[in-house]
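Down below is the structure, laid out as structure tokens.
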Amino acid sequence: MPPQQPPVAAQSSAAQSTAAPFPPVTPDATPAARRLLDRLHRATGETTLSGQHNQPRHGSAWTERLTGITDHVPAVWGGEIGFSAPGTLDAVDRREANAEQAIAWHRRGAVITYTWHSVCPTDDEPVEFQGGIIRDLAPADFDSVLEPGTALHARWCAQVDTAAAVLRQLADADVPVLWRPYHEMNGPWFWWGAQPTRLVALWRQLFDRLVHHHGLRNLLWVWSPNAAYGEAAPFAPYYPGHDVVDVLAMDTYKNHYEPEHHANLLTLAEGRPLGLGEVGDLPTPEVLAEQPHWTWFLAWPDVVTDSNTDAAIRALYHHPRITNLA
């Protein structure tokens with residue numbers, strides 16, 4: 001395999017026409033979304049796309065920083081809906097500007113993924129990460145979020161509608177999005193975590209509102225639990241079903257690339273693509289050889305340079321297994 005694969009925009013029409021074994025779960029998904037899912041299926045077992053998350057405050061600064069370290073451009077551009085005060089890392093006032101950045105990167109050939117650190121429905125944005133995203137939600141309040149007609153359900157709908165406006169901006173530009181909401185749900189740190197039955201209902205409720213209420217057809221739904229170690233529980237009880245998940249991913253930090261995580265996710269996926277939705281320590285070439293189904297990784301800002309040397313980052317980006325944008 002050559003060390004550098006062509007970006008999406010440069011692939012042949014014959015390659016783009018290859019159908020994935022499973023269509024997108026969104027009815028009448030856009031052709032661009034279908035092509036992206038096809039690309040992930042084709043990548044499975046063959047290559048891994050490099051990726052970098054970007055915090056709203058910094059625009060595309062982290063993608064640019066990794067480009068400077070590696071002399072290669074990450075193939076996947078990661079963004080965030082945002083939740084925090086203007087001027088802070090995940091600022092809510094950067095939504096429109098960062099969506100424009102995502103559109104520009106898509107036009108360059110990058111794959112776009114968006115994370116949503118959803119504000120707890122009992123709170124109003126902006127919030128701080130600690131206490132606003134990392135916090136508990138009482139089971140009774142969670143049940144109210146899931147019950148149409150309640151005040152908390154209405155608040156949740158309004159928050160989803162805010163996120164939908166960002167996703168609509170991308171849809172109007174025909175940008176397909178690897179959409180990664182409610183991630184790390186098998187851990188107890190986020191308000192949506194550690195309640196598997198409620199999480200499944202919440203996921204399906206979100207799918208219904210974004211797909212059927214808002215009519216978004218550009219999303220590929222990425223379900224991304226944490227690697228099952230420490231406080232993080234096994235994956236399966238949190239899985240919302242093949243009818244509402246296109247891609248299964250895993251978040252992992254501190255080099256928790258134990259083979260059983262890959263194997264268990266692969267079993268659960270039943271032929272659907274796998275990704276590394278959020279990582280601190282980058283996967284080594286040895287990990288990727290042993291666990292060949294990871295179709296992309298998304299490194300987290302700060303952690304990527306704190307936990308990996310520049311030499312190691314550069315070596316991974318230049319490895320024949322990795323596909324970069326340029």
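Every number here is computed from the coordinates shown, using simple stated rules; none is lab data. Bear in mind that the values here come from a model prediction, so they are computed numbers and not experimental data. Neighbour counts run over all protein chains shown; Cβ positions are idealised from the backbone, glycine included.
Where Rh denotes the Kirkwood radius from the mean inverse Cα pair distance, what is Rg over Rh for the range 141-245? Intermediate values should be presented prior to the final figure.
Details: Rg = 14.1 Å, Rh = 14.4 Å.
Looking at the range 141-245, the ratio lands at 0.98.
What is the spin-label model distance, in nm, from Y229 to A140 if the labels are put 7 Å beyond Cα along the C-beta direction?
Inter-label distance under the simple model: 3.9 nm.
Counting other Cβ atoms within 10 Å, keep those with at most 13, restrict to DSSP loop, and tell me which GluC sites (Glu not before Pro) in the range 224-287 are left. Could the numbers behind the result be given before it?
Numbers: sites: E231, E260, E270, E278, E286; in loops: E231, E270.
Sparse-neighbourhood loop GluC sites (Glu not before Pro): E231, E270.
For the chain, what is the per residue volume of the convex hull drawn over the alpha-carbon atoms, in cubic angstrom? Before the final figure, lay out the partial values.
Numbers: hull volume 38.1 nm³, N = 326.
So the per-residue hull volume is 117 Å³.
Would you mind giving the three semi-axes, in whole Å and largest first, of the ellipsoid equivalent to the range 60-129 according to its Cα gyration tensor? Each step should come with its number before you reach the end.
Numbers: eigenvalues 135, 31, 21 Å².
Equivalent ellipsoid semi-axes, largest first: 26, 12, 10 Å.
For an R0 of 45 angstrom, estimate the FRET efficiency from the Cβ-Cβ distance between I69 and T150 and round to the nearest 0.05. If you can, show how the numbers build up before the last one.
Numbers: r = 49 Å, r/R0 = 1.08.
Calculated value: 0.40.
Please list the non-local residues whose amide H lies under 5 Å from the amide H of Y182, H modeled 1.01 Å from N, same-chain partners needing a gap of 5 or more.
Amide H to amide H, under 5 Å and 5 or more residues apart or across chains, Y182 pairs with W116, S118.
So which trypsin sites (Lys or Arg not before Pro) in the range 220-324 pass both tests, a DSSP loop state and at most 14 other Cβ atoms within 10 Å of the Cβ? Working shown, then result.
Details: sites: K254, R314, R321; in loops: K254, R321.
Qualifying residues, ordered by number: K254.
With the chain treated as a Gaussian network of Cα nodes joined by springs under 10 Å, which of W105, W294, W77 yields the largest mean-square fluctuation?
W105
In debye, nearest 20: dipole of the range 30-323 around its Cα centre with unit charges on the Cβ of K, R (+) and D, E (-)? Write out the running numbers ahead of the final one.
Details: 22 positive and 36 negative charges, 176 e Å.
That gives the range 30-323 a dipole magnitude of about 840 debye.
Report the label-to-label distance for R108 and A315 in nanometres (one decimal), using points 7 Å from each Cα along the Cα→Cβ vector.
Taking the two extended label points, one gets 2.7 nm.
If I model a spin label at K254 and A85 as a point 7 Å from the Cα along the Cα→Cβ vector, what separation in nanometres do I get?
Reported label-point gap for K254 and A85 is 3.1 nm.
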